[in-house]
1. Give the order of ILE323, ILE167, ILE311 when sorted by the count of other beta carbons within 10 angstrom, beginning with the fewest.
2. Cross-link partners among aspartates and glutamates for LYS146, C-alpha distance below 17 Å, same-chain residues fewer than 8 apart left out?
3. Along the charge dipole of region 238-331, Cβ charges K/R +1 and D/E -1, which of PRO297, GLN269, GLY246 sits furthest on the positive end?
4. Highest GNM mean-square fluctuation, the chain, Cα pairs closer than 10 Å: which of CYS185, CYS31, CYS213?
5. Which lysines, on any chain, are close to LYS184 with Cα under 25 Å apart, when same-chain ones fewer than 8 places away are left out?
6. When only alpha-carbon atoms count, how far does region 1-158 stretch along each of its three principal axes, as whole angstroms with the largest first?
7. With a cut-off of 8 Å between alpha carbons and a minimum separation of six or more residues, what is the relative contact order of the chain in percent?
8. Which chymotrypsin sites (Phe, Trp or Tyr not before Pro) in region 38-85 sit in a loop by DSSP (not H, G, I, E or B) and have at most 11 other Cβ atoms within 10 Å of their own Cβ?
Amino acid sequence: MTAEDSRRIVLASRPAGRPTPGNFRLESVACPSPAEGQVLLRILYLSLDPYMRGRMSAAKSYAAPVEIGQVMEGGTVAEVLESRHPGFKPGDIVLSHSGWQSHAVAGGAHLRKLDPTVAPVTTALGVLGMPGFTAYAGLLTIGQPKSGETVVVAAASGPVGSAVGQIARIKGARAVGIAGGEKKCAFVRETFGFDAVIDHGAPDFAEKLAAACPDGIDVYFENVGGKVWDAVFPLLNSFARIPVCGLVAQYNSEGDFEGPDRLPVVMRQVLSKSLTIRGFIQREFVAQRPAFEQEMPRWIAEGALKYKEDIVEGLANAPEAFIGLLEGKNFGKLIVKI
Ligand SMILES: NC(=O)c1ccc[n+]([C@@H]2O[C@H](COP(=O)([O-])OP(=O)(O)OC[C@H]3O[C@@H](n4cnc5c(N)ncnc54)[C@H](OP(=O)(O)O)[C@@H]3O)[C@@H](O)[C@H]2O)c1
């Protein structure tokens with residue numbers, strides 16, 4: 001190995017609002033060597049996820065920020081190149097959390113072996129990984145959709161939203177998706193099988209959403225916030241459940257939210273309709289992980305649940321792809337092929 005053999009992308013500076021390519025820096029460093037009990041990994045795929053915007057900011061959050069000069073955090077699928085751990089051998093494919101880089105060392109406790117004959121290894125970053133589990137646990141634990149109810153979810157072509165709508169349908173509910181642009185809407189309707197899909201860019205978005213939900217909304221799986229929330233809110237039925245999973249529309253806002261304060265309106269509805277609104281971070285639902293690992297692969301094998309991946313080539317293209325993710329330029333689970 002030469003010093004050029006390992007490349008990594010570090011956080012060069014914290015963004016003010018929308019991230020720019022200048023917030024990232026591509027570096028070449030000497031390839032690390034595994035200590036006793038560790039393995040050397042060659043990263044094959046890097047997952048890009050909206051939560052990474054939060055890690056770029058120093059604002060207080062549920063997780064510590066990436067420090068300036070540190071490698072950007074991220075889930076990865078990797079090949080073991082060299083092993084000093086009895087449980088792994090060269091050639092093993094593992095799920096790791098190695099971040100935006102081409103090589104890394106890791107201890108065995110943080111690795112999970114993947115079997116490429118069971119499912120494409122990229123699914124460990126999407127439908128069968130953290131985003132799929134977020135959808136499964138958040139919807140079933142907090143949303144609790146029942147047969148005949150209406151479930152609404154935005155970012156419906158992404159890994160979380162697409163699984164939410166399809167699981168809702170498996171449970172007998174009606175799934176109404178919200179997505180950006182006709183191409184994504186058509187895919188959500190035709191491939192993911194949602195009952196209705198509305199483009200949040202349509203000038204009459206709120207009216208179209210109301211027409212697609214004639215019996216109101218029983219579960220709103222909150223992925224985006226902003227104007228989607230404003231359109232959903234008047235349509236909520238009494239005792240609606242709202243798993244608050246993400247607010248991607250405001251991740252670049254740094255606390256500078258448009259419009260007057262709507263909280264008093266929101267809280268009046270929470271009270272008068274006995275709404276249950278609960279935020280969550282997927283790892284709180286670790287008890288549901290075994291059920292997820294049984295049911296999701298079965299639903300995929302039966303054709304009841306489909307997924308879409310958006311694979312970008314090359315580590316150097318990760319910053320631009322990530323910036324686009326926060327603006328809806330991705331189409332499906334965004335993954336970088338290293
Ligand atoms: N709580 C947890 O543990 C947890 C875990 C994983 C993910 N999440 C959250 O789940 C949400 C979805 O994540 P994902 O990985 O599935 O992302 P994704 O759907 O692959 O990508 C984000 C999507 O958000 C949509 N979007 C961006 N800005 C928007 C806006 N202003 N209004 C409406 N939609 C907008 C875009 O789709 P369109 O072009 O269709 O608008 C974009 O493609 C995110 O909020 C994420 O932070 C939470």
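1. Ascending Cβ contact count within 10 Å gives the list ILE311, ILE323, ILE167.
2. Here the aspartates and glutamates satisfying the reach criterion relative to LYS146 are ASP195, ASP215, ASP218.
3. GLN269
4. CYS31
5. LYS171, LYS208, LYS227, LYS306, LYS308, LYS329, LYS333, LYS337
6. 60, 43, 24
7. 17 percent
8. Here the chymotrypsin sites (Phe, Trp or Tyr not before Pro) that fit, given the DSSP loop and packing criteria, are TYR62.
Every read-out reported here was derived from the displayed coordinates using simple, explicitly stated rules and does not represent laboratory data. Worth saying up front: this structure is predicted, and the values here are computed from it rather than measured. Every residue, glycine among them, receives a Cβ derived from its backbone with ideal geometry; neighbour counts consider all protein chains shown.
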